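Trainee: Have a look at this one.
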Amino acid sequence: MCPLNRQERSTAQAARELAGLQAQIEASREELVRLQQAVIDAECRLGRNLAADIVDANERLVSAALQARLDAETAARALADAARSARLDALTGLPNRVLLLDRFAHAIANASRHGTRLALLFVDLDNFKQINDTHGHAFGDEVLTWAARCLASTVREVDTVSRHGGDEFLILLDEVGQPSDAVIVADKLIEELGRPHKVGNQVLRLTASIGISLYPDDGDNADTLIKRADAAMYRAKRQGRGSFCFHAEEPASKCDPELPPATGTAN
């Protein structure tokens with residue numbers, strides 16, 4: 001798994017603070033019980049009127065303390081929710097661009113140290129606009145949610161699937177040995193998306209166009225690799241639905257009518 005980034009550490013810290021606040025609340029409740037018992041004892045010694053005043057004062061004091069603890073607990077929960085929502089796509093629950101770029105930076109640093117490759121897959125669902133126009137945006141959202149689950153379940157836990165926006169997804173493959181490893185993943189993604197899946201009353205078979213860029217072959221930073229995978233995706237889309245294309249102009253991956261393109265097609 002990728003190491004915890006700053007936002008993930010903040011979320012973990014918020015969880016620890018919340019646990020501490022809950023323990024303090026429980027301790028305050030126990031103190032209230034102790035004070036009430038002390039007041040009962042005082043009532044026996046001092047008389048009902050003075051004891052009633054003591055009860056009232058102490059209950060108001062402890063109630064104020066409990067309210068302060070509850071307010072702190074609410075703030076801690078809000079902090080944890082904010083940290084989580086800042087890193088995830090609201091519809092699919094996938095990492096968003098912020099979290100992807102953070103993981104990208106860690107992955108590039110690690111690959112640079114160990115002399116390994118990374119692969120970035122730019123995935124665009126084919127004809128998704130037609131799905132939205134025909135069945136409505138609510139249906140389209142269900143399709144995107146299912147596609148997100150499908151993509152995430154197809155790759156390794158160490159890899160990152162991110163929603164780039166609309167019907168586009170980015171997949172960061174960590175520690176890729178050879179470009180052919182990315183080919184295997186692209187083929188598998190296209191195959192899994194192409195399996196019949198029921199959404200509402202409709203049975204869909206999705207296809208996707210995929211562009212692939214490699215680190216360090218095609219760039220040494222996230223922005224460059226994303227742009228080059230994006231361009232490769234459009235070349236794949238022109239080639240036909242359910243295909244993939246590398247950015248690099250190599251015989252094994254070149255998208256050229258005169259050469260056999262590296263493609264995968266949904267069943």
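Trainee: Does Val98 qualify as being surrounded by 13 or more Cβ atoms within 10 Å (Cβ to Cβ) and at pLDDT 80 or above?
Mentor: yes
Trainee: If you go through segment 169-210, how many residues are without any contact (Cβ under 8 Å) to a residue 60 or more places away in the chain and under 21 Å from Tyr234 (Cβ atoms)?
Mentor: 2
Trainee: What is the residue count in segment 101-120 for residues that are within 17 Å of the chain's Cα centre (by Cα) and open to solvent by less than 30 Å² (accessible area, probe 1.4 Å)?
Mentor: Residues that pass the stated criteria total 3.
Trainee: Of these, Asp187, Asp174, Asp181, which one is within 24 Å of Ala248 (Cα to Cα) and under 21 Å from the mean Cα position of the chain (by Cα)?
Mentor: Asp174
Trainee: Every residue in segment 117-142 that is closer than 26 Å to Ser213 by Cα and not small (Gly, Ala, Ser), please.
Mentor: Listed by number, the residues that qualify are Arg117, Leu118, Leu120, Leu121, Phe122, Val123, Asp124, Leu125, Asp126, Asn127, Phe128, Lys129.
Trainee: Pairs please, first residue from segment 141-168 and in contact (Cβ under 8 Å) with a residue 24 or more places away in the chain, second anywhere and surrounded by fewer than 17 Cβ atoms within 10 Å (Cβ to Cβ) and among the basic types (Lys, Arg), Cβ atoms under 6 Å, 6+ apart in sequence or on different chains.
Mentor: Close Cβ pairs (under 6 Å, with a partner that is surrounded by fewer than 17 Cβ atoms within 10 Å (Cβ to Cβ) and among the basic types (Lys, Arg)) amount to Thr154/Lys188.
Trainee: If you scan segment 200-239, which residues turn out to be among the hydroxyl-bearing types (Ser, Thr, Tyr) and in a loop (DSSP other than H, G, I, E, B)?
Mentor: Hit for segment 200-239 is Thr207, nothing else.
Trainee: State which residue pairs qualify: first residue touching a residue at least 12 places away in the same chain (Cβ under 8 Å) and inside segment 118-130, second residue in a strand (DSSP E or B) and of a type in the set (Gly, Ala, Ser) in any location, beta carbons under 7 Å apart, and separation of 6 or more residues or different chains.
Mentor: Leu120/Ser213; Phe122/Gly211; Val123/Ala208; Asp124/Ala208; Asp124/Ser209; Leu125/Ala208; Asp126/Ala208; Asp126/Ser209
Trainee: Go through segment 133-168 and give me each residue that's among the acidic types (Asp, Glu), surrounded by 13 or more Cβ atoms within 10 Å (Cβ to Cβ) and more than 20 Å from Arg97 (Cβ to Cβ).
Mentor: Passing the criteria: only Glu142.
Trainee: Now, a different point. Scan segment 198-220 for residues that are under 13 Å from Leu118 (Cβ atoms) and open to solvent by 60 Å² or more (accessible area, probe 1.4 Å) and jot them down.
Mentor: Pro216, Asp217, Asp220
The values are calculated or read from the model by the stated rules, or taken from the named source; none is laboratory data. The shown structure was predicted, so the numbers you read here are calculated from the model rather than taken from an experiment. Cβ sites come from the backbone with ideal geometry, for glycine too, and all protein chains shown count toward neighbours. Accessible surface is based on the protein model in full, side chains and every heavy atom, while ligands, DNA and RNA are left aside. Shrake-Rupley method; radii C 1.70, N 1.55, O 1.52, S 1.80 Å.
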